[in-house]
Amino acid sequence: MTEQYRRGEVPAGVTLGTKMLLVPAVFGGTFSHSGALTGLRDRTNYAWIKRGDPIARYRLTVPRLYLPFLGGMAGEIEHEALVRCPSSGLLIHGRYDYSNDDEREFSRSDGHAPVRMAILLPDDEPPAEDGRFMFTDLARCVWDNREPFLRPSRYWSMGAMTEAHLRQQLDAQLALKPRLVDAMPQYEDYFEEARTEFPQLRPYLKHLFRAQ
């Protein structure tokens, strides 16, 4: 089981740096067609998160085959996949949800998005993992159970997809990469809140204010 840290805790020996990692989201315009995404760290701002920790759960409900020998009853099977954190660090903004925009623009844009999951990295953190590390479980779940995507959505006004289009979207999701940005001044309000609510974090964050 993954070790959990309480809010305001930083592992011993860690020195935090000056870079934030912005975590790519799941394409809402594609994968909400037949599945539901639930963030798992929404209320854990200012807690430590580890590389590989689950940050979201994707659930996909697939109708069972119609089986006359069972009296014609058709139920549903629920499949589940996890989205995993690409790096270790202090979680500054923990909300994780579908992307409202084309997430491929996130990888190319210089703009910040404070509402996006964001992690303050240690000064010696190795490079972050990529989309294949984060989303392979989700991509496998969707592709192996793709029948609902090939019909009009039962939940939204979305039409049926072709297998080629779905595969293209899965490949694009897997190609996403987290993005590094400067921690200050974009996230200053978060750091002010962190050191006010959790005074034990002040030694870990004071370098950010000196650097201004």
> Considering only region 13-25, how many residues are among the hydrophobic types (A, V, I, L, M, F, W, C) and in contact with an Asp or Glu (Cβ under 8 Å, 6 or more places away or on another chain)?
Replying inline: 3
>> Just to be sure I understand, how many residues within region 178-210 are in contact with a strand residue (DSSP E or B) (Cβ under 6 Å, 6 or more places away or on another chain) and either over 23 Å from residue 116 (Cβ atoms) or open to solvent by 70 Å² or more (accessible area, probe 1.4 Å) (or both)?
In response: 1
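If you go through region 4-59, how many residues are in a strand (DSSP E or B), charged (D, E, K, R) and in contact (Cβ under 8 Å) with a residue 60 or more places away in the chain? Steps first, please.
Pass one, region 4-59, residues in a strand (DSSP E or B): 16-22, 26-27, 35-39, 47-49, 54-59.
Among the residues that remain, those that are also charged (D, E, K, R) are: 19, 57, 59.
Checking the rest, the ones that are also in contact (Cβ under 8 Å) with a residue 60 or more places away in the chain come to 19.
Total satisfying the criteria: 1.
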> Is region 79-90 home to any residue that is of a type in the set (Lys, Arg) and either modelled with pLDDT of 85 or more or open to solvent by less than 40 Å² (accessible area, probe 1.4 Å) (or both)?
Replying inline: yes
> Which ones in region 158-174 are outside any helix (DSSP H, G or I) and surrounded by 15 or more Cβ atoms within 10 Å (Cβ to Cβ)?
Replying inline: 158, 161
>> I'm trying to understand the selection: among the residues of region 111-157, which are open to solvent by 50 Å² or more (accessible area, probe 1.4 Å), assigned to a loop (DSSP other than H, G, I, E, B) and at pLDDT below 95?
In response: 112, 115, 146, 151, 152, 154, 155, 156, 157
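The values are calculated or read from the model by the stated rules, or taken from the named source; none is laboratory data. Keep in mind that this is a model prediction, so the values were computed, not measured. In this analysis, Cβ positions are derived from the backbone assuming ideal geometry, glycine residues included, and neighbour counts consider all displayed protein chains. We work out accessible area using only protein heavy atoms, side chains counted, and drop any ligands, DNA or RNA first. Shrake-Rupley method; radii C 1.70, N 1.55, O 1.52, S 1.80 Å.
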